[in-house]
Amino acid sequence: GQSLEQPSEVTAVEGAIVQINCTYQTSGFYGLSWYQQHDGGAPTFLSYNALDGLEETGRFSSFLSRSDSYGYLLLQELQMKDSASYFCAVTQGSNTGKLIFGQGTTLQVKP
Amino acid sequence: GAVVSQHPSRVICKSGTSVKIECRSLDFQATTMFWYRQFPKQSLMLMATSNEGSKATYEQGVEKDKFLINHASLTLSTLTVTSAHPEDSSFYICSANKEKRGRKNIQYFGAGTRLSVL
């Protein structure tokens, strides 16, 4: 079967750093993506890793270890607006192929 | 601005009617689009891959006669929920790949369509 595991909920305070982990077991792997989704909204692309290592985009960074089938999303300098659901997703089929999503992590940022 | 446009954003219909949802790629061509379904507090479930000029590829367990997909042009895919029933009520989201900074696999999502079947 195919599975992506990520924590269901994470709570942190404003200004803090939080890491959301994702482990995956899928048939076929081209890369790991991260998406943010606010209640009632559409998923928004955050970051993508095809190769091992760290990708940094502003306050958000993402890491991938293909040998460990593991990745994480790092959010720094947390703001209240970062409260949302965060999904990791594996690309299958090809470099422009379909995404298989994890169950999502609900991040609550407190003042 | 929006990269993928989805319409309508919300629809309420009676049981037994059909509902069409449109997904358009803005200022780029998308030979492949994807349709997802999301229940409250749950993840996105891939329903099908929409291929321009050919038949859609459906995921296991998704009824192709229930969810008709047409990808008639390089910028438009439509999903029609036929003979809708209350259990079809859900949030439907489309996506398309657009290359950004040499990276091919960035999927951009439409705003979603919230379907309520009475």
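The values are calculated or read from the model by the stated rules, or taken from the named source; none is laboratory data. Quick caveat: nothing in here was measured; it's all calculated off a predicted structure. Heads up, the Cβs are rebuilt from the backbone with ideal geometry, glycines too, and the neighbour counts pull from every protein chain shown.
Brief remarks on what is shown
- Scan of the stretch B:30-45 for residues that are facing another protein chain (nearest Cβ under 10 Å), surrounded by 20 or more Cβ atoms within 10 Å (Cβ to Cβ) and of a type outside the set (Ser, Thr, Tyr), ordered by number: B:ALA30, B:PHE34, B:GLN38, B:LEU44
- Which numbered condition B:SER90 misses (of (1) of a type in the set (S, T, N, Q); (2) within 14 Å of another protein chain (Cβ to nearest Cβ); (3) touching a residue at least 24 places away in the same chain (Cβ under 8 Å); (4) surrounded by fewer than 17 Cβ atoms within 10 Å (Cβ to Cβ)): (4)
- Within the stretch A:18-44, being among the aromatic types (Phe, Trp, Tyr) and assigned to a loop (DSSP other than H, G, I, E, B) holds for A:PHE29, A:TYR30.
- Any hit, the stretch B:99-109, residues being more than 14 Å from chain A (Cβ to nearest Cβ), of a type outside the set (Lys, Arg) and not in a strand (DSSP E or B): no
- Residue in the stretch B:18-25 that is β-branched (Val, Ile, Thr), touching a residue at least 24 places away in the same chain (Cβ under 8 Å) and more than 10 Å from chain A (Cβ to nearest Cβ) present: yes
Yes/no per residue for (1) modelled with pLDDT under 95; (2) aliphatic (A, V, I, L, M):
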| residue | (1), (2) |
| --- | --- |
| B:THR17 | no, no |
| B:LYS41 | yes, no |
| B:GLU52 | yes, no |
| B:LEU115 | no, yes |
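- Among the residues of the stretch A:53-83, those that are more than 13 Å from chain B (Cβ to nearest Cβ), more than 12 Å from the chain's Cα centre (by Cα) and part of a strand (DSSP E or B) comprise A:GLY53, A:LEU54, A:GLU56, A:SER65.
- Residue check: A:VAL109 meets all listed conditions (1) assigned to a strand (DSSP E or B); (2) away from chain B (no Cβ under 14 Å); (3) within 13 Å of A:CYS22 (Cα to Cα) but one, namely (3).
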